[in-house]
Amino acid sequence: MKKNIFFTMIGLFLLLTTASAQNKKRIPTKGLAVFEEKGKFKPYEFSRHAVGDNDIQIEILYAGICHSDLHHVHAAWGKEEFPMVPGHELAGRVVKIGKNVTKFKVGDYAGIGCMVGSCRVCDACKQNHEQYCEHGAIMTYHGVDRYNDNEHTQGGYSKDYVVASDFAIKIPADAQIEKVAPLLCAGITSYSPIMYAGVKRGDKVGIAGFGGLGHMGVQYAVALGADVTVFDITEDKRQDAMRMGAKHYVNVNNPDDLKDLNNTFNFILSTIPTNYDMNMYLKMLKYDGQMAIVGLPPFAQMPTISLDKFIWQGNRKIFGSQIGGIKETQEMLDYSVKNNIYPEVVIIDAEGSLVDEAYKNIMDGKVKFRYVIDMKTLK
Ligand code: NDP
Ligand code: ZN
């Protein structure tokens, strides 16, 4: 008898879950995709998984263009799947919430960065560093979402995104929303290692690569009271660096600029997206100084450093850093909005040819400092 009741209950449960799955239809959306390596951007219709009990649906208002998007589109970091909708710097508005969601309500601003899920229980996740999840963080695009039928994730150059609410970031209502998106990657990726290294007032800090990430790094280091030197390959950005509060500017193509810099810096952040001389920067670290690497060049152009250099210039530390965890991303966003720290953005309409042109300008060093796509204009 007990057995019968047990099976009846299982049957009822299956019936209810099937019915609820049928109620939860996939969400049709559209975006801009490339259909092959180094391809052109064209409109693309696809769908997101249904809004689960712990999920929210965000109407994307703005999407930043990160140099990592270019690396992906160029397949510079290995094999990619196409069509690909890039975009991991997303700011938008909540349009739907699952029944368990308390963190957001419909109408709130919300953001998504580079990841949309992780196991939540491994050591890294428990310490709020989901980007280093032992089972793999699920990336916003170019990822496999093991909690949603192993679907291949597509990014935010699109109208809508459905995300677990604990991986969405709250954006204050008074934020300058058109400038927020790049904080979700460029902002956190420079903020996190600066905080991890313990940069403090009076420290000498070098920021190498003065683009999307670098210009955020300059602002955070200046806000902490550091004496900041910017390194880039052009004269064009010298005045911008000073305007943002840097004290010195080094054009690495100008040998005079590079004189007398050895043993100078407490901390250097490298955001350089291509090959460069790492040893040059190692030599510039003070005794006990630290260097964080966030710039990840194409695998075919990877900078290297040989062990003898490390040993001769000992007791300096070089560490890598990947974005930041969700808790820290929220902290960075609140800190940035409160202190009026934003990226300098060039806003473009969501048209394939304009995104193609933006990609070319980024490669040619012609943007100050971050392109943001106005996703509301997508036709
Ligand atoms: P940008 O293209 O916006 O900025 C790169 C800057 O570096 C540009 O100003 C460029 O100059 C400058 N630069 C190029 N070569 C040199 C050099 N040899 N020395 C000094 N400066 C140089 O890129 P992003 O800021 O968006 O991204 C930077 C890198 O960080 C990329 O590799 C990206 O993939 C990576 N990244 C890593 C993340 C992480 O979690 N670790 C997260 C996000 C991005 P110019 O414009 O004149 O060419
Ligand atoms: Zn990025």
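The values are calculated or read from the model by the stated rules, or taken from the named source; none is laboratory data. Just so it is clear, the structure is predicted and the values come from calculations on it, not from any experiment. With ideal geometry, Cβ positions are generated from the backbone for all residues, glycine too; neighbour counts draw on all protein chains shown. Areas reflect the complete protein model, heavy atoms only, side chains present, ligands, DNA and RNA absent. Shrake-Rupley method; radii C 1.70, N 1.55, O 1.52, S 1.80 Å.
Picking from Leu354, Leu378, Leu333, which residue would you name as being closer than 17 Å to Ala186 by Cβ and at pLDDT 95 or above? Even if it seems obvious, please write down each step before you answer.
Working: Leu354 fails: closer than 17 Å to Ala186 by Cβ; Leu378 fails: closer than 17 Å to Ala186 by Cβ.
From the options Leu354, Leu378, Leu333, the qualifying one is Leu333.
Has region 46-64 got at least one residue that is more than 23 Å from Cys185 (Cβ to Cβ) and among the acidic types (Asp, Glu)?
yes
Tell me which residues, restricted to region 125-144, are surrounded by fewer than 18 Cβ atoms within 10 Å (Cβ to Cβ) and either part of a loop (DSSP other than H, G, I, E, B) or over 18 Å from the mean Cα position of the chain (by Cα) (or both).
To start, the set of residues in region 125-144 that are surrounded by fewer than 18 Cβ atoms within 10 Å (Cβ to Cβ) comprises 126-128, 132, 134-136, 144.
Correct list: Lys126, Gln127, Asn128, Glu134, His135, Gly136.
Could you run through region 206-244 and say how many residues are among the aromatic types (Phe, Trp, Tyr) and under 11 Å from Ile268 (Cβ atoms)?
Step one: filter region 206-244 for residues among the aromatic types (Phe, Trp, Tyr), giving 210, 220, 231.
Filter once more, so that each one left must be under 11 Å from Ile268 (Cβ atoms): 231.
Matching residues across region 206-244 total 1.
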Exercise. Restricting to region 329-371, what's the tally of residues that are under 26 Å from Asn251 (Cβ atoms), open to solvent by 30 Å² or more (accessible area, probe 1.4 Å) and not in a helix (DSSP H, G or I)?
Worked result: 7
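When region 193-207 is examined, which residues are found to be touching a helix residue (DSSP H, G or I) at 6+ places or on another chain (Cβ under 7 Å) and open to solvent by less than 10 Å² (accessible area, probe 1.4 Å)? Quick ask: steps written out before the conclusion?
So in region 193-207, the residues touching a helix residue (DSSP H, G or I) at 6+ places or on another chain (Cβ under 7 Å) come out as 194, 199, 205-207.
If the condition is that a residue be touching a helix residue (DSSP H, G or I) at 6+ places or on another chain (Cβ under 7 Å) and open to solvent by less than 10 Å² (accessible area, probe 1.4 Å), then Ile194, Val205, Gly206, Ile207 are the ones that fit.
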Problem set entry | Residues of region 48-70 satisfying the condition of being within 16 Å of ligand 2 (Cβ to nearest atom) and either in a strand (DSSP E or B) or surrounded by fewer than 19 Cβ atoms within 10 Å (Cβ to Cβ) (or both) | Ile60, Tyr62, Ala63, Gly64
For this session: Mind listing just one residue for me: the one in region 179-232 that is aromatic (Phe, Trp, Tyr) and assigned to a helix (DSSP H, G or I) and, of those, nearest to Met139 (Cα to Cα)?
Result: Tyr191
Exercise. Looking only at residues in region 145-171 that are under 12 Å from Gln330 (Cα atoms) and in contact with a Leu (Cβ under 8 Å, 6 or more places away or on another chain), which one is most open to solvent (accessible area, probe 1.4 Å)?
Worked result: Lys170
Exercise. Residue check, Pro86 against (1) within 16 Å of ligand 1 (Cβ to nearest atom); (2) open to solvent by 10 Å² or more (accessible area, probe 1.4 Å), all met but one. Which one?
Worked result: (2)
